[in-house]
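Working notes, structure below.
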Amino acid sequence: MAHGRTLHPHKRASFWRRQPRCRTQALQLLASAGWPPALVADAELALHELFVNAWKHAGSPSPLVTLALSPQLLRVSVSDDSPLLPEPRTPSDPLALSGRGLHLVQSLTHRFGADLRKRGKVVWFELEATA
């Protein structure tokens with residue numbers, strides 16, 4: 001279920017647990033804020049990668065997605081219950097279907113990282129509107 005709260009007159013945070021809804025809402029939020037289509041596409045792909053990683057590698061059936069948007073900055077966080085921090089891999093097979101997601105997130109975004117929490121971790125990225 002999506003919901004949000006106002007943090008600051010120019011900053012909004014939203015929280016989701018279902019991937020299709022969070023992608024749709026994120027796209028609508030960025031488009032309504034006037035973000036360039038190329039950055040909206042980068043945010044969509046990076047969000048998808050973090051969500052799928054939390055589901056696939058951390059075993060979280062419904063990772064928590066948090067979006068914080070100010071006029072110049074988007075921060076997306078995906079939380080799960082696993083204490084294992086993600087590490088970018090280099091697939092040994094150039095035709096492998098997996099192993100490139102974190103490299104992709106790192107190349108699409110301005111900042112990317114992961115932080116341990118009391119329970120699990122949060123993996124995040126930031127995009128700047130005018131970078």
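Coordinate-derived values only; no laboratory data. What you see is a predicted model; the values in this text were computed from it and never measured.
General remarks:
- The string of couplings for region 67-77 from the Karplus curve (6.51, -1.76, 1.60, θ = phi - 60°) is 10, 10, 10, 10, x, 10, 9, 10, 10, 10, 10 Hz, one whole number per residue in order, with x for Gly and Pro.
- For L64, residues with placed amide H under 5 Å, excluding near neighbours: S79
- Using θ = phi - 60° and Karplus 6.51 cos²θ - 1.76 cosθ + 1.60, couplings along region 52-61 (whole Hz; Gly, Pro as x): 5, 4, 5, 6, 6, 8, 9, x, 8, x
- Taking 0.36 nm per residue of sequence separation and removing the Cα-Cα distance, the K118/S62 pair yields an extension gain of 18.3 nm.
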